[in-house]
1. Here are the criteria: (1) assigned to a helix (DSSP H, G or I); (2) more than 22 Å from GLU14 (Cβ to Cβ); (3) in contact with a helix residue (DSSP H, G or I) (Cβ under 9 Å, 6 or more places away or on another chain). Tell me which single one VAL111 does not satisfy.
2. Looking at ILE75 and the list (1) aliphatic (A, V, I, L, M); (2) in a helix (DSSP H, G or I); (3) touching a Lys or Arg at 6+ places or on another chain (Cβ under 9 Å), which single condition is not satisfied?
3. Scanning region 10-20 for residues that are open to solvent by 30 Å² or more (accessible area, probe 1.4 Å), assigned to a loop (DSSP other than H, G, I, E, B) and of a type outside the set (A, V, I, L, M), which turns out farthest from CYS128 (Cα to Cα)?
4. If THR52 passes every condition in (1) in a helix (DSSP H, G or I); (2) open to solvent by less than 30 Å² (accessible area, probe 1.4 Å); (3) hydroxyl-bearing (Ser, Thr, Tyr) but one, which one does it miss?
5. Take the residues in region 158-173 that are assigned to a loop (DSSP other than H, G, I, E, B) and open to solvent by less than 50 Å² (accessible area, probe 1.4 Å), then tell me which one is farthest from THR91 (Cα to Cα).
6. Can you confirm whether region 94-108 contains a residue that is in contact with a Gly (Cβ under 9 Å, 6 or more places away or on another chain) and either of a type outside the set (S, T, N, Q) or modelled with pLDDT of 95 or more (or both)?
7. Looking at THR185, THR133, can you tell me which residue is surrounded by fewer than 13 Cβ atoms within 10 Å (Cβ to Cβ), part of a loop (DSSP other than H, G, I, E, B) and in contact (Cβ under 8 Å) with a residue 24 or more places away in the chain?
8. Would you confirm, using the coordinates I've provided, whether ILE155 is of a type outside the set (Phe, Trp, Tyr), crowded, with 16+ Cβ neighbours inside 10 Å, over 29 Å from GLY13 (Cβ atoms) and within 18 Å of the chain's Cα centre (by Cα)?
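The values are calculated or read from the model by the stated rules, or taken from the named source; none is laboratory data. Everything numeric here is computed off the predicted structure, so don't read it as measured data. Don't worry about glycine lacking a Cβ; one is built from the backbone with ideal geometry, like all the others, and counts go over all protein chains shown. The protein model used for the area step is the full one, side chains on, heavy atoms only, and it has no ligands, DNA or RNA in it. Shrake-Rupley method; radii C 1.70, N 1.55, O 1.52, S 1.80 Å.
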Amino acid sequence: MRLLLISNSASPGEKYLEKAGDDLAKFLDNATDNIVFIPYAAVTYSFDEYVTKVNNALGHHGIKVHGVHEAKDPIQALRHASAILVGGGNTWQLTRMMQEQGLMEVIREQVLAGVPYSGWSAGSNVACPTLSTTNDMPITEPQSFHTLRLIPFQINPHYLDAHPSNHGGETREMRIQEYITSNPTIYVAGLREGSRLLVEGDRMTLLGANPMRLFHNGEEPRELAPGEDVSFLLRV
């Protein structure tokens with residue numbers, strides 16, 4: 001199994017997929033033809049616009065994606081994909097549409113068979129067992145919270161340490177503490193912006209410039225450094 005799970009598409013001051021694009025190009029290697037892109041997390045712009053945006057960002061790497069919404073038979077398109085990319089946006093809409101079209105099962109089957117999978121933000125969320133650690137507002141209702149289960153732990157993308165001044169609400173860490181209290185066996189990886197998780201078979205490495213904050217019930221949160229082998233999370 002090969003995964004590249006990306007926290008965000010662009011940090012402030014960067015072009016879209018600027019940092020992640022280099023890693024994506026290396027990750028996809030020869031799989032630059034027949035790449036299927038799932039744009040269903042887009043809400044305030046069209047799926048066609050999303051495909052164009054991704055192609056404009058990755059074209060100089062020799063990467064061209066094809067929107068799954070353009071296919072007459074989305075399931076067959078995924079069965080013949082050389083790689084699968086899932087873009088960020090609203091995780092609730094993404095999950096609902098993937099479930100309604102029966103895409104969860106075929107994507108999982110293809111990825112377990114060795115087809116490379118990469119997603120950013122919402123696309124990383126749906127690689128987890130559930131969408132429960134998304135930051136997104138539930139603007140629509142999926143059939144269930146269950147997603148692809150490509151990894152056995154949860155990701156919280158765009159993880160932030162800050163508690164804004166004059167803000168009386170919960171911090172991100174407090175929200176995750178609530179989750180692990182209710183789900184005591186599940187690890188949650190707070191994936192800061194500019195960070196990516198690379199899975200190659202039974203090995204997983206943290207890429208990027210920022211450490212990852214790891215949460216588990218009954219344990220103090222801990223920091224994992226960029227470049228660190230974090231393969232143990234594939235076996236939790």
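1. It fails just one condition, (3).
2. In the conditions (1) aliphatic (A, V, I, L, M); (2) in a helix (DSSP H, G or I); (3) touching a Lys or Arg at 6+ places or on another chain (Cβ under 9 Å), ILE75 misses (3) alone.
3. My answer is GLY13.
4. Exception for THR52: condition (2).
5. Looking at residues that are assigned to a loop (DSSP other than H, G, I, E, B) and open to solvent by less than 50 Å² (accessible area, probe 1.4 Å), I get GLY169.
6. Looking for residues that are in contact with a Gly (Cβ under 9 Å, 6 or more places away or on another chain) and either of a type outside the set (S, T, N, Q) or modelled with pLDDT of 95 or more (or both), one finds at least one in region 94-108, hence yes.
7. The match here is THR185.
8. Considered against the rule, which asks whether it is of a type outside the set (Phe, Trp, Tyr), crowded, with 16+ Cβ neighbours inside 10 Å, over 29 Å from GLY13 (Cβ atoms) and within 18 Å of the chain's Cα centre (by Cα), ILE155 comes out as no.
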